[in-house]
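Before any comments, here is the structure.
The values are calculated or read from the model by the stated rules, or taken from the named source; none is laboratory data. Not measured: the values here are computed from a predicted model. Here Cβ is always computed from backbone atoms with ideal geometry, including for glycine, and neighbour counts include all displayed protein chains.
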């Protein structure tokens, strides 16, 4: 298989299972790839250039390691990365240098089993002009970055050990829609039960209520990857998964949501 800087890690693993340990040998930051659930979401979204940035290693190291296990590199000269592409937006750096940064540590919320989405979005909306938000987390918040980008925010990620700092700064106008209105529906539980009863697809049920973040989202996306055209996924969740909704719309899934109570939400998802 020929590879370049934009080749996804999932494609490498599908072609050669040795790719997992090979990537980890270059950067221990990717030990999460050994976890099948986390691999399902990380590998499909991460390119080789992303891996070099996240793992703080030279992309040439990854290329060389992958070539040793049988991959072929496309035009090596064109694949040397200009790491300046990964430098933060100058406005973000200026805000940090000027101490115009509000800080929000969401790790305590996650440890309690909570979802910090609304907390983060509230802080973003309250930012004064020229001020940025620093979100302190234990993993790279890819879904949040996508949502914030649609609202006009640029972002930059800095990792120190096991701590991930994600900086946000408003640089443009928000898009009109966060997700497609004709794909995400919130209905009553009674109507949701009717929708399930009348669904002409084979329904697979999962329960993610006892999983810690980000495993509920990872698990749901992993199950959806295996979903066939004549199948639907029924999810027992403890909250409306705000991070997940844009991902579902982007992947053209129709989602029916019913909030039973404060800690019980049902989702029916299918194409």
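Here are some notes:
- Qualifying residues in the range 179-217 (those that are assigned to a loop (DSSP other than H, G, I, E, B) and touching a strand residue (DSSP E or B) at 6+ places or on another chain (Cβ under 7 Å)) - the one surrounded by the most Cβ atoms within 10 Å (Cβ to Cβ): 208
- Residues of the range 225-242 satisfying the condition of being touching a residue at least 40 places away in the same chain (Cβ under 8 Å) and crowded, with 20+ Cβ neighbours inside 10 Å: 241
- The residue of the range 81-109 that is surrounded by the fewest Cβ atoms within 10 Å (Cβ to Cβ), among those that are assigned to a loop (DSSP other than H, G, I, E, B) and at pLDDT 90 or above, is 99.
- Candidate set: the range 20-51, residues that are at pLDDT 85 or above and over 22 Å from residue 221 (Cα atoms); chosen: the one surrounded by the fewest Cβ atoms within 10 Å (Cβ to Cβ): 25
- Check on residue 220, under 21 Å from the mean Cα position of the chain (by Cα), surrounded by 14 or more Cβ atoms within 10 Å (Cβ to Cβ), part of a helix (DSSP H, G or I) and at pLDDT 90 or above: yes
- For the range 2-22, the candidate set comprises residues that are in contact with a helix residue (DSSP H, G or I) (Cβ under 7 Å, 6 or more places away or on another chain) and touching a residue at least 60 places away in the same chain (Cβ under 8 Å); within that set, the residue that is farthest from residue 73 (Cα to Cα) is 5.
- Filtering the range 122-152 to residues that are touching a residue at least 60 places away in the same chain (Cβ under 8 Å) and outside any loop (DSSP other than H, G, I, E, B) leaves 142, 143, 144, 146, 147, 150.
- When the range 247-265 is filtered for residues that are within 20 Å of residue 115 (Cα to Cα) and surrounded by fewer than 19 Cβ atoms within 10 Å (Cβ to Cβ), the ones remaining, listed by number, are 259, 260, 261, 262, 263, 264.
- Taking the criterion of being assigned to a loop (DSSP other than H, G, I, E, B), out of contact with any strand residue (DSSP E or B) (no Cβ under 7 Å at 6 or more places or on another chain) and closer than 18 Å to residue 141 by Cβ, the residues of the range 223-251 that qualify are 241, 242, 243.
- Residue within the range 163-177 that is under 19 Å from residue 253 (Cα atoms) and either surrounded by fewer than 16 Cβ atoms within 10 Å (Cβ to Cβ) or in the same structural domain as residue 262 (by TED's automatic domain parsing) (or both) present: yes
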